[in-house]
Ligand SMILES: Nc1ncnc2c1ncn2[C@@H]1O[C@H](COP(=O)(O)OP(=O)(O)OP(=O)(O)O)[C@@H](O)[C@H]1O
Ligand SMILES: [Mg+2]
């Protein structure tokens with residue numbers, strides 16, 4: 001399963017909850033967080049190593065865990081060639097040819113199958129949980145997908161649950177059609193008005209506090225139901241409320257402070273990572289209001305050709321600031337970022353890039 005959605009909608013919260021449930025059901029879990037520019041192999045390897053040692057110690061017949069370790073050793077030999085900073089002690093002879101071709105699309109499936117076979121032999125199961133999965137390169141995502149395909153064909157007890165920004169549109173060709181069949185892609189998004197009201201009222205009610213219905217309506221209007229924003233408005237109104245009944249006026253008093261804090265933290269940390277050209281590009285998007293943006297329109301706003309904005313757009317996608325929901329369209333990954341861009345740069349004057 002690959003959970004996808006924008007920033008701050010609750011993907012990581014869900015992933016942690018799924019991990020907790022998986023563990024309660026006896027899964028061995030491998031939680032990893034992808035980081036921009038860090039390859040998949042070295043990220044997974046230390047987890048697989050301790051898992052295989054653990055499986056090896058479990059009672060029961062068989063030697064698949066030991067074989068898993070030899071395959072892992074062969075995999076590490078192969079990635080060592082490419083990434084010299086990986087040194088994970090594994091004092092074991094590699095199984096030559098098992099996962100050392102150097103081609104991740106061949107080696108990773110072999111490795112994960114060997115690990116899953118070890119789990120199967122010990123009547124165990126593995127859940128690999130990967131957060132921020134969009135940071136993997138196309139080759140790595142494709143290797144991961146091919147590995148899961150093999151695992152599924154052999155009905156081995158290993159599952160993958162990923163979370164990240166919408167990535168399907170970025171997956172190309174073969175891996176894309178594979179992925180569509182293999183995974184479910186629940187999209188995690190904003191809450192409905194009713195759900196937003198519950199998110200605030202239920203925990204409050206548990207301690208005898210109540211949000212008035214016009215207060216809830218106002219919070220929904222401002223947050224559009226985005227979980228992280230609900231959390232912030234809930235926090236400030238809670239702090240400001242003098243009585244156990246939170247009225248509309250409290251929300252109105254809290255709002256400037258919430259917006260100030262969001263601007264200074266949530267939005268600002270992202271803004272500060274941008275170059276002037278990138279800010280200019282995002283400001284041009286925001287200039288057109290909310291929604292999805294056509295690349296052609298952005299170029300026009302900037303007084304440039306669609307082709308010449310390509311490099312800046314690519315950098316913004318790489319930084320996870322924007323994504324392409326459909327061909328030729330762009331959207332912000334951070335909810336309400338368009339409004340923030342207008343606050344941050346009130347006077348918009350396109351500058352040449
Ligand atoms: N089920 C929930 N219960 C309470 N709060 C929640 C829940 N889901 C989300 N939130 C709120 O939303 C915030 C963001 O959630 P989370 O970090 O999981 O988002 P995300 O989708 O992983 O965002 P990002 O893409 O930036 O990593 C949480 O810190 C919390 O304030
Ligand atoms: Mg997250």
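The values are calculated or read from the model by the stated rules, or taken from the named source; none is laboratory data. Predicted, not measured: the structure shown is a model, and the values here were computed from it. With ideal geometry, Cβ positions are generated from the backbone for all residues, glycine too; neighbour counts draw on all protein chains shown.
Return yes when residue 112 is buried (at least 19 other Cβ atoms within 10 Å of the Cβ), modelled with pLDDT of 90 or more and farther than 25 Å from residue 164 by Cα and no when it is not.
No: the conditions fail for residue 112.
If you go through region 133-160, how many residues are within 16 Å of ligand 2 (Cβ to nearest atom) and in contact with a helix residue (DSSP H, G or I) (Cβ under 6 Å, 6 or more places away or on another chain)?
Final tally of qualifying residues: 1.
Test residue 71 against the stated conditions and say whether it is modelled with pLDDT of 90 or more, within 16 Å of ligand 2 (Cβ to nearest atom) and in contact with a helix residue (DSSP H, G or I) (Cβ under 6 Å, 6 or more places away or on another chain).
Considered against the rule, which asks whether it is modelled with pLDDT of 90 or more, within 16 Å of ligand 2 (Cβ to nearest atom) and in contact with a helix residue (DSSP H, G or I) (Cβ under 6 Å, 6 or more places away or on another chain), residue 71 comes out as no.
Quick grid of which residues meet (1) outside any helix (DSSP H, G or I); (2) under 21 Å from residue 76 (Cβ atoms):
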{"site": "7", "(1), (2)": "yes, no"}
{"site": "12", "(1), (2)": "no, no"}
{"site": "17", "(1), (2)": "no, no"}
{"site": "20", "(1), (2)": "no, no"}
{"site": "23", "(1), (2)": "no, no"}
{"site": "35", "(1), (2)": "yes, yes"}
{"site": "38", "(1), (2)": "yes, yes"}
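So residue 128 fits all but one of (1) in a helix (DSSP H, G or I); (2) in contact with a strand residue (DSSP E or B) (Cβ under 6 Å, 6 or more places away or on another chain); (3) at pLDDT 90 or above; (4) under 30 Å from residue 324 (Cα atoms); what number is the exception?
Single failed check for residue 128: (1).
Residues in region 241-252: is at least one closer than 30 Å to residue 2 by Cβ and at pLDDT below 95?
No.
Among (1) more than 16 Å from ligand 2 (Cβ to nearest atom); (2) in a loop (DSSP other than H, G, I, E, B); (3) under 23 Å from the mean Cα position of the chain (by Cα); (4) under 27 Å from residue 136 (Cα atoms), which single condition is residue 313 missing?
(2)
Just wondering, is there one or more residues in region 218-229 that are part of a helix (DSSP H, G or I) and farther than 14 Å from residue 336 by Cβ?
Taking every residue of region 218-229 in turn, at least one turns out to be part of a helix (DSSP H, G or I) and farther than 14 Å from residue 336 by Cβ.
Among the listed residues 306, 286, which satisfies the condition of being part of a loop (DSSP other than H, G, I, E, B), outside the structural domain of residue 35 (by TED's automatic domain parsing) and in contact with a helix residue (DSSP H, G or I) (Cβ under 9 Å, 6 or more places away or on another chain)?
Selected residue: 306, the only one of 306, 286 that is part of a loop (DSSP other than H, G, I, E, B), outside the structural domain of residue 35 (by TED's automatic domain parsing) and in contact with a helix residue (DSSP H, G or I) (Cβ under 9 Å, 6 or more places away or on another chain).
Is there any pair linking a residue in region 116-138 that is free of Cβ contacts under 8 Å to residues at least 24 places away in the same chain to one that is within 16 Å of ligand 1 (Cβ to nearest atom), with Cβ under 8 Å and at least six apart or on different chains, and which?
Listed by first residue and then by second, the contacts come to nothing, as the list is empty.
Given the structure, is residue 60 part of a loop (DSSP other than H, G, I, E, B), in the same structural domain as residue 133 (by TED's automatic domain parsing), modelled with pLDDT under 90 and away from ligand 1 (no atom under 16 Å from the Cβ)?
yes
Just checking, does region 252-262 include any residue being surrounded by 14 or more Cβ atoms within 10 Å (Cβ to Cβ) and under 18 Å from residue 204 (Cα atoms)?
Yes, region 252-262 contains a residue that is surrounded by 14 or more Cβ atoms within 10 Å (Cβ to Cβ) and under 18 Å from residue 204 (Cα atoms).
Any chance you could count how many residues in region 14-42 are within 20 Å of residue 183 (Cβ to Cβ), within 16 Å of ligand 2 (Cβ to nearest atom) and more than 10 Å from the chain's Cα centre (by Cα)?
Looking only at that region, the number is 7.
Could you tell me whether any residue of region 166-178 is assigned to a strand (DSSP E or B) and either within 16 Å of ligand 2 (Cβ to nearest atom) or at pLDDT below 90 (or both)?
No, there is no match, as no residue in region 166-178 is assigned to a strand (DSSP E or B) and either within 16 Å of ligand 2 (Cβ to nearest atom) or at pLDDT below 90 (or both).
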